[in-house]
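Structure record follows, encoded as structure tokens.
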Amino acid sequence: IGQIQGKIGSVVNTTSDLKLQAANQLEIKKARLECGSKAESLDDGDKVENLKPDTQCTLEVDVENNFPEDDDEDSSGNELKIGDIEFDTVDVEIEVDDNDFDVDEDEDLDGLGADDEDSVSVDFDIDEDVDDGTFTLEIRVNGRDDNGAVHGEKFEVRLEVERLTHDIQIRAPSISPARVSACEEDQVNVNARIANFGKRDEDEIAVDEGEVETGFVK
């Protein structure tokens, strides 16, 4: 907002910038993460445990403008310009410090008025090849108000991925044709992907075949 000069007599010995930090009025009101069957509300510094590979996640972030709707006045009746202030654009950045989470999003909220809130929702996947470990999810919001001041907040949340020692799964099974007649000879094809999500290599994996008789599997 200006400069401060230090003088001895008429000689300027030093000059420093004078900066003003506005009180932050742009906050993350709440955040919620859903990964598979797990759903948790998030605060800064939280840890989400027991996440699994090959999981779809949804992160919802609510952002709030904490400026009051009405301006206050001083003793002379002059507006103090501390209310009824909006953010033309609010930038919401969501990032995880590992490519196996496939999330690096930048969303905008337009026209966030005083004492108002809005939200963004981001979908991302935890890759099936992700290693055991703890990863950092960053949620950052920032915006410039009507007076030109920058506001914002950041959440850091730790995401813990845990693989089981043995975890063989059948994924995306399909059957064709979908319907057969019990009175006619026919062939049914069953396809499925067998995936090892465990920590160890598996040397012996077997798939048992069943037989179909009059609509029942034995």
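Hey, can you tell me all the residues within the stretch 98-118 that are at negative phi and within 12 Å of the chain's Cα centre (by Cα)?
Within the stretch 98-118, F101, V103, D104, E105, D106, E107 meet the criteria.
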Margin query: Show the residue pairs meeting these rules: Cβ distance below 7 Å; 6+ apart or different chains; first residue within the stretch 100-125 and closer than 14 Å to V63 by Cβ; second residue small (G, A, S) and in a loop (DSSP other than H, G, I, E, B).
Written below: A114/G83
Note to self: Which count do you get for residues in the stretch 5-42 that are in contact (Cβ under 8 Å) with a residue 60 or more places away in the chain, part of a strand (DSSP E or B) and open to solvent by 50 Å² or more (accessible area, probe 1.4 Å)?
What the structure shows: 2
Notebook entry, point to check: Any idea how many residues of the stretch 75-102 are at pLDDT 65 or above and in contact with a Pro (Cβ under 8 Å, 6 or more places away or on another chain)?
Noted result: 2
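Please pick out the residue among N142, N191, N147 that is within 30 Å of G113 (Cβ to Cβ), polar (S, T, N, Q), at pLDDT 70 or above and surrounded by fewer than 10 Cβ atoms within 10 Å (Cβ to Cβ).
So the residue among N142, N191, N147 that is within 30 Å of G113 (Cβ to Cβ), polar (S, T, N, Q), at pLDDT 70 or above and surrounded by fewer than 10 Cβ atoms within 10 Å (Cβ to Cβ) is N147.
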Next item on the list: Test each condition in (1) open to solvent by less than 70 Å² (accessible area, probe 1.4 Å); (2) in a strand (DSSP E or B); (3) within 30 Å of E128 (Cα to Cα); (4) in contact (Cβ under 8 Å) with a residue 24 or more places away in the chain for P53 and report the one that comes out false.
Entry: (2)
Margin query: Test of understanding: among F135, F197, which residue is modelled with pLDDT of 80 or more and of a type in the set (F, W, Y)?
Written below: F135
Next item on the list: Please give the number of the condition K154 fails out of (1) in a strand (DSSP E or B); (2) modelled with pLDDT under 90.
Entry: (2)
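The values are calculated or read from the model by the stated rules, or taken from the named source; none is laboratory data. Here the structure is a predicted model, which is why all the values come from computation and not from measurement. FYI the Cβ positions are ideal-geometry reconstructions off the backbone, even for glycines, and counts take in every protein chain you see. These area figures cover heavy atoms from the full protein model, side chains too; ligands, DNA and RNA do not enter into them. Shrake-Rupley method; radii C 1.70, N 1.55, O 1.52, S 1.80 Å.
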